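Novice: To start, I am sharing the structure in question, which I have written as structure tokens.
Each value in this text was obtained by applying a stated rule to the coordinates, not by laboratory testing. The structure presented is a predicted model; accordingly, all values stated were derived computationally and were not measured. We place every Cβ from the backbone using ideal geometry, glycine too, and count neighbours over all the protein chains shown.
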Amino acid sequence: MKFNIKYFIVTIIIFIVEFLIATVFKEIFWLRAYFGDVLVVAFIYTFILSFFDVDKTKTISGVLIFSFVIEFLQYFHFAEVLGFGKNKIAMIVLGNSFSWIDILCYVIGAAIVWLIDIKLQKKIK
């Protein structure tokens, strides 16, 4: 474990943006439906790197796979199966319906993270 303040600050900023999308800007469909899913990949990625000094390519790959698993579990309504059906926060976090568009958004989010944090950082060094 190794705390990284830069990733932690980015995580907090992304969390605030995600919170605003889910609460204040929830009526803006494309922002809630698509941009939030793109950002969630970056949120999980930066959260992990806030506390662990791990390989970035493996981390973004793992985050992408994790996102896929959660999305495919939504097809089986796993949040309801676990008893979270009436919990609004759990339903927002875990989701409640499968969508191929969400899969695409996760891929876009992972590609953006990979380009910005992995490829560009190598060119700067």
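Novice: Is one or more of the residues making up segment 74-90 within 21 Å of I9 (Cα to Cα), surrounded by 15 or more Cβ atoms within 10 Å (Cβ to Cβ) and not basic (K, R)?
Specialist: Among the residues of segment 74-90, not one is within 21 Å of I9 (Cα to Cα), surrounded by 15 or more Cβ atoms within 10 Å (Cβ to Cβ) and not basic (K, R), which makes the answer no.
Novice: So, one more: Restricting to segment 91-118, give me the number of residues that are among the aromatic types (F, W, Y) and exposed (fewer than 14 other Cβ atoms within 10 Å of the Cβ).
Specialist: 1
Novice: Farther than 16 Å from A111 by Cβ and either of a type in the set (A, V, I, L, M) or in a helix (DSSP H, G or I) (or both): is that true of E27 in this structure?
Specialist: No; evaluated as a whole, the condition is false for this residue.
Novice: Shifting gears a bit: Would you say I16 is part of a helix (DSSP H, G or I), loosely packed, with under 12 Cβ neighbours inside 10 Å and β-branched (V, I, T)?
Specialist: On the way: part of a helix (DSSP H, G or I): yes; loosely packed, with under 12 Cβ neighbours inside 10 Å: yes; β-branched (V, I, T): yes.
When the stated conditions are applied, I16 passes them.
Novice: Right, another one. Go through segment 60-73 residue by residue and tally those that are surrounded by fewer than 15 Cβ atoms within 10 Å (Cβ to Cβ) and either among the hydroxyl-bearing types (S, T, Y) or closer than 13 Å to V93 by Cα (or both).
Specialist: Residues flagged as surrounded by fewer than 15 Cβ atoms within 10 Å (Cβ to Cβ) and either among the hydroxyl-bearing types (S, T, Y) or closer than 13 Å to V93 by Cα (or both) within segment 60-73 amount to 1.
Novice: Any residue in segment 97-124 that is farther than 21 Å from K58 by Cβ and touching a residue at least 12 places away in the same chain (Cβ under 8 Å) sitting within a Cβ distance under 9 Å of a residue that is surrounded by 13 or more Cβ atoms within 10 Å (Cβ to Cβ) and among the acidic types (D, E)? List the pairs, counting only those 6 or more apart or interchain.
Specialist: F98/E71; S99/D37; S99/E71; I101/D37; D102/D37; D102/E71; C105/D37
Novice: Take F35 and tell me if it is part of a helix (DSSP H, G or I), within 24 Å of M1 (Cβ to Cβ) and within 12 Å of the chain's Cα centre (by Cα).
Specialist: No.
Novice: Can you give me the ranges of the helices (runs of 4 or more DSSP H) entirely in segment 43-125 with at least 1 residues that are acidic (D, E)? Walk me through it before giving the result.
Specialist: Numbers: elements: 56-75, 78-81, 88-94, 100-113, 120-124.
Where helices (runs of 4 or more DSSP H) fall fully within segment 43-125 and carry at least 1 residues being acidic (D, E), they are 56-75, 78-81, 100-113.
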